[in-house]
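Worksheet for the structure shown next.
Nothing in this text is a laboratory measurement; each read-out follows from the coordinates by a stated rule. Quick caveat: nothing in here was measured; it's all calculated off a predicted structure. Methodologically, a virtual Cβ is constructed for each residue, glycine included, from the backbone with ideal geometry; neighbour enumeration extends over all protein chains shown.
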Number of protein chains: 2
Amino acid sequence: MKRPTIADIARRAGVSKGAVSYALNGQPGVSKATRANILAISKELGWQPNSAARALNGARAHTIGLALFRPARTLGMEPFFMELISGIEAELADRSYALMLQVVTDHTQEIEVYRRWWGEGRVDGAFLVDLHLDDARVEAMRALNMPVVVIGHPSQAGPLSTVWSDDGLAIRETVEYLVALGHRSIARVAGLPRLVHTTLRDQAFVQACQDAGPGRVEHLIAHTDYTGEEGARMTRRLLSSPRRPTAIVYDNDIMAVAGLSVAQEMVLDVPADLSIVAWDDSPLSQVVRPPLTALTRDIPAYGACAARQLLALIAGEPVVLSVEDRPATLIPRGSTGPARGSR
Amino acid sequence: MKRPTIADIARRAGVSKGAVSYALNGQPGVSKATRANILAISKELGWQPNSAARALNGARAHTIGLALFRPARTLGMEPFFMELISGIEAELADRSYALMLQVVTDHTQEIEVYRRWWGEGRVDGAFLVDLHLDDARVEAMRALNMPVVVIGHPSQAGPLSTVWSDDGLAIRETVEYLVALGHRSIARVAGLPRLVHTTLRDQAFVQACQDAGPGRVEHLIAHTDYTGEEGARMTRRLLSSPRRPTAIVYDNDIMAVAGLSVAQEMVLDVPADLSIVAWDDSPLSQVVRPPLTALTRDIPAYGACAARQLLALIAGEPVVLSVEDRPATLIPRGSTGPARGSR
DNA sequence: CTCATGAACTAAACCGAGTAAGTTACTGAT
DNA sequence: ATCAGTAACTTACTCGGTTTAGTTCATGAG
């Protein structure tokens, strides 16, 4: 009742293990007749190669790793990651690659997991997401010499390959749009301040506001942890301040929706009293009233792009170090309008 | 620049491979001093066990498989699966198990993937979701003799272990609530008709309506593919029919939200003209206006429960064949109210 | 008729661990 | 002094494939 091995096939076929190996792998060294016979017997016995044995000889694992530093329970609520994963999966499925997923509780553990997977030959490569300043993972991965693709801006990625999109461009587009609508006081409810892409968006935001003309546009940034609760809290604080902004740009859709609720609680009209822009466009943004103006990007395509890059890296194909995906584009919907009193 | 092996450690320590193996695995057969020395050297060299070599000796893969029959691109939009995965992950992460994920395009391929993973010793067990009538996967898994936990009702699971919750109870609760509100014509926009849980919910729905009294409650079921588009289409059809229902129960939240939009398009007031109930309670249900009355269940907990069951099965611990999780409970919100003209 | 060539194989080493069985060397009892 | 017992090892084989280095035999050229 044990699983058949090539030795079993060899015995049945009256040949050596080596001949069976050649036959099953389509290598020369066996006659057509013998090969056909061996294939028939292997099919009959229901033989499956044992990947452990193959891996021992340095074969590919046909698996890619993704360790996510995220409280597992909130994962399901993060459209971004889920869409990213589905995009990665779509690309991997074509080549019969699997995705090895593990949720970790900190970056030390994340490095540990990657070290183990790589050391144990269980993955051929991995993704790194949410880089922060002086990220220890970069050096750790470089030291491991494992194929890695950073999903995010190259600035902190060191020698690692990256796939990214120009968030600065998207922020600039948004600010210019709001300024054109007459807004002179714009707030940004941002994500975690340590993350590279938060910093970059922050800088671009400030720059874009300043570029509108000296002293013309007041700007303010509030940092959060991306949760709806924090988004609501910051919105409440912003809207209660004496110098209330007339437009708020949120770093994700969860916070934007929460912010919209807060505004409505405070009996403010959106967009007449307050314009709202969401970063990332999930179904969520479209079902609320008014539907949210959002920075849309094709996240699954982003993930697929990263997957292609990683697979090329693993295959040893020549790759450009850094691939720029399309930037997010602004989709105006009902949550933005002219600033009150402008014109 | 190659990875160190126990042979390298043995050479450095001046002992045999066997001694190193004993030392690293905490087995007797080496002195304290030698063990300490070997451990120090292994740390210094950054040795990691090669799981391929270990697996060859029959060790665990410390990985669980999940092949999902789903168009990968829509995965990110399915809160249910993402929450399920996050619940499974939460349980696995504690024991350093990883989750092997692959999206497949049909059940034949799903069986193929499982056969390969199991045959190749890459997973210790797997989940089966979305069982349908006469599901070929059940027999295939039984034949493989691989530890499997079916997530769903036991009726079609044959000899396989299951984790399920009583959807019938939840449906009954919903119908009784709507009837008490005066509704006499209730529709159900259901999921894929071939799925076991759809059938069971259908039956329970009809039964509950009939139990309200002979001929007292009109009921209607429309089957869809779970997408928002189909949900909207069916809603449009239902609301245009001469005998328009006063309440609709949807099989997921995506369709419920889409249905709400359709109702509002058709200038119907929710809940005055139409009551809406969603199955599964995601953030989506709470941000629309009015917020949706929903059948809530703790999906991550459900996934965690299934993961515990599978891990117990893998460990060879004694397990009950079928574990019943808590049923979904109805959370009334703004989308349900008394039927117009009742009382 | 002999030798070179190459196709079709076989035997055995190898990958990196685990482990059963065998070997030392030392301790303590008789 | 001798023997049993044991701690501390070593040796060698195992897992299931891949791969290298032969070996055998048929064929064709010289």
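Let me make sure I get this right: for the stretch A:6-49, a, b and c are the square roots of the gyration tensor eigenvalues over alpha carbons, sorted descending. Under 1.5 in a/c it's rounded, otherwise prolate if a/b > b/c, else oblate. Which is it? Judged from the Cα gyration tensor, the stretch A:6-49 comes out rounded (a/c under 1.5). The helix-only estimate of mean residue ellipticity at 222 nm for chain A, built from DSSP H runs of length n ≥ 4 each weighted as -39500 (n - 2.57), is -13500 deg cm²/dmol after division by the residue total. When the Cα positions of B:88, B:58, B:154 are compared along the charge dipole of chain B, B:58 comes out farthest toward the positive end, with charges on each C-beta of Lys, Arg, Asp and Glu. With an 8 Å cut-off on Cα pairs and a minimum separation of 6 or more residues, tell me the relative contact order of the stretch A:38-135 in percent. Rounded, it is 40 percent for the stretch A:38-135. Think of the protein assembly as shown as having a plus end and a minus end, set by charges on the Cβ of Lys, Arg, Asp and Glu; of B:174, B:107, B:27, B:27 sits farthest toward the positive end of this dipole.
Positive contributions from Lys and Arg (+1) and negative ones from Asp and Glu (-1), summed over other residues with Cβ under 12 Å from the Cβ of residue B:37, come out at +3. Going from the residue with the fewest nearby Cβ atoms within 10 Å to the one with the most, B:141, B:255, B:146, B:266 rank B:266, B:146, B:141, B:255. Which net charge results when you count Lys and Arg as +1 and Asp and Glu as -1 among the other residues whose beta-carbon is under 9 Å from that of residue B:54? Net local charge, residue B:54 excluded: 0.
Distances between equivalent label points of residue B:159 across the copies, with each point positioned 7 Å along Cα→Cβ, amount to 5.5 nm, shortest listed first. Residues B:42, A:335 in ascending order of nearby Cβ atoms (within 10 Å, fewest first): B:42, A:335. Give me, ordered by chain and number, the residues 5 or more places off residue B:289 or on other chains with an amide H under 5 Å from its own placed amide H. Close amide H contacts, sequence-distant or interchain: A:289.
Close amide H partners of residue A:218, meaning residues 5 or more places away or on another chain with modelled amide H under 5 Å apart, are A:185, A:186.
Using a cutoff of 8 angstrom between alpha carbon atoms and counting only pairs six or more residues apart, the relative contact order for chain B works out to 16 percent.
Overall shape: prolate for chain A, with the ratio a/c of the largest to smallest alpha carbon gyration tensor axis at 1.5 or above and a/b above b/c. For residue B:165, the residues whose amide H sits under 5 Å from its own are B:325, ignoring neighbours fewer than 5 places away on the same chain, with H placed 1.01 Å from N. Among A:224-234, B:20-30, B:185-195, sorting by the average number of other beta carbon atoms lying within 10 angstrom of each residue, highest first, gives B:185-195, A:224-234, B:20-30.
Which of rounded, prolate or oblate describes the stretch B:167-280 when judged by the alpha-carbon gyration tensor and an a/c cut-off of 1.5? Oblate is the answer for the stretch B:167-280, as a/c is 1.5 or above yet b/c matches or exceeds a/b.
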